[in-house]
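To keep things clear, I will list the structure first and then write my remarks on it.
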Amino acid sequence: MLNQLMSYSVYYRTNTVSDTDLLAGFFAFFGTFMLFVLALYIVMIVGMWKLFEKAGREGWKSLIPIYNLYVLTEISGQNGLLFLLILIPGVGSLIWLILVALKLAPAFGKDTGFAIGLILLPPVFYLILGFGNAQYVLGKPAGAPAAGAAPQGPAPAPQKPEDPWVSGQQ
């Protein structure tokens, strides 16, 4: 009987996972996950920086977490206060993402399929908008030539839209 208890005790100690092993595994998984999220965030920031510059805004605005959503909402041609939807728990940020993506794609001359890509894989599609050949077409004068048209003389310098948060005219 004693031999059976000893063998069970040895079996139990060698075939179980201790609390420190579980904790170490959790932190390894969590650390790896956070590195992945950080990499996605950096890719998103780089894409948004270039996208902001194409739209005539300063690229540094993509670095400020809440303000970049405000600027992105304005670039898409919507009221800047629409970004307040992200404050609604649960579905608010999803609704904001869908509304902005559906307006941002046409603002750069893209179709609805591209807007769906902006909804499903924003980091990749922000990079495509920022580094691709898409031109910001929202807010251009009616007589402005198309993106593929040959230039006719020196082009006037593009005007940057006035930012009410910077100028103090809200």
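The values are calculated or read from the model by the stated rules, or taken from the named source; none is laboratory data. Because the structure is predicted, anything quoted here is derived from the model rather than measured. Positions of Cβ are generated from backbone atoms using ideal geometry, with glycine treated the same way; all protein chains shown enter the neighbour counts.
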Among the residues of the stretch 148-161, is any modelled with pLDDT of 85 or more and hydrophobic (A, V, I, L, M, F, W, C)? no
Does the stretch 68-79 contain at least one residue that is farther than 22 Å from residue 138 by Cα, of a type in the set (A, V, I, L, M, F, W, C) and at pLDDT 90 or above? no
Can you tell which of 51, 69 is of a type in the set (A, V, I, L, M, F, W, C), buried (at least 16 other Cβ atoms within 10 Å of the Cβ) and closer than 19 Å to residue 37 by Cα? 69
When the residues of the stretch 110-134 are filtered to those that are crowded, with 16+ Cβ neighbours inside 10 Å and part of a loop (DSSP other than H, G, I, E, B), which remaining residue is modelled with the highest pLDDT? 110
